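Notes to accompany the following structure.
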Amino acid sequence: MHNHCNTLVAKGINLYDSGDVQGSYAVFNLAFSLCPNDSTVLLWKSKVELLLGKLDQAISGLKLVLASSNDPTDTADAELSLGLALYFYSFFTTEAEKGGVLSQAYSYASKAEEYFTKLNDQYSRNLSTWLKIMVLIESNDINGAIDLLKSDLLHILHGTAVSYLDLRTSNYSSALLHTDIALADLRYSNDLK
């Protein structure tokens, strides 16, 4: 049964990478029905739930992955995904709840950043740092966000974070400029592929 689940995970990842989120979700649900105790299956199912906006399910699943996985890469990926899920979830909370949710998101992003540093995964470490910046901006810790923006961050991630910071501080013309630069970076990186 385990080999069949590995095959399904590989198929689901291919669908996910090709942009077929619904197709990958169907495959990961099937894999989960066959191997409910496989943390890699649950990780991918939860990541797709995050993309689909099923935040409660994603958060629950990712917490289970963290409680059960022995794989450092899966753990790092779950930490980052859980931080991102909580960041998005914070937009649907009351003001009284928001600070606690954002604090958790920051904590998971920080743990992910540490894991990815140890794994020498620069790209995912950058995503973790970007998430920390976004959480700090949303938490109104502008100085903390500015300090982290000084880190070695991929240019496109830096641009999106600066754009959001500009929006939150009502610097709209600068936000438009930084958004345009980030989009140009994105177009350039897509042209390189």
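Of all residues in segment 44-68, those being buried (at least 23 other Cβ atoms within 10 Å of the Cβ) and among the polar types (S, T, N, Q) number 1. Of the residues making up segment 139-154, not one is open to solvent by 60 Å² or more (accessible area, probe 1.4 Å), aliphatic (A, V, I, L, M) and either modelled with pLDDT of 90 or more or touching a Cys at 6+ places or on another chain (Cβ under 8 Å) (or both). One residue alone among 136, 127, 131, 82 is farther than 18 Å from residue 57 by Cα, open to solvent by less than 10 Å² (accessible area, probe 1.4 Å) and in a helix (DSSP H, G or I), and that residue is 131. Quick check on my filter: what residues within segment 14-35 are outside any loop (DSSP other than H, G, I, E, B) and under 18 Å from the mean Cα position of the chain (by Cα)? Correct list: 16, 17, 21, 24, 25. When segment 166-193 is limited to residues that are of a type in the set (Asp, Glu) and modelled with pLDDT under 75, the one that is least open to solvent (accessible area, probe 1.4 Å) turns out to be 185. Within segment 91-116, no residue that is farther than 17 Å from residue 133 by Cβ and in a helix (DSSP H, G or I) sits with its Cβ atom under 7 Å from a residue that is at pLDDT below 95 and open to solvent by 70 Å² or more (accessible area, probe 1.4 Å) at 6+ positions apart or across chains. Would you call residue 111 closer than 27 Å to residue 140 by Cβ, at pLDDT 95 or above and buried (at least 18 other Cβ atoms within 10 Å of the Cβ)? Considered against the rule, which asks whether it is closer than 27 Å to residue 140 by Cβ, at pLDDT 95 or above and buried (at least 18 other Cβ atoms within 10 Å of the Cβ), residue 111 comes out as yes. Residue 71 - would you say it is touching a Ser or Thr at 6+ places or on another chain (Cβ under 8 Å) and surrounded by fewer than 15 Cβ atoms within 10 Å (Cβ to Cβ)? Judged against the criteria, residue 71 is a match. The numbered conditions (1) open to solvent by less than 60 Å² (accessible area, probe 1.4 Å); (2) over 23 Å from residue 185 (Cα atoms) are all true for residue 103 except (1).
The values are calculated or read from the model by the stated rules, or taken from the named source; none is laboratory data. What you are looking at is a predicted structure, and each value in this text was computed from that prediction instead of being measured. Ideal geometry is used to build each Cβ from the backbone, glycine not excepted, and the neighbour counts take in all protein chains shown. In case anyone asks, the SASA skips ligands and DNA or RNA and just uses the protein heavy atoms, side chains included. Shrake-Rupley method; radii C 1.70, N 1.55, O 1.52, S 1.80 Å.
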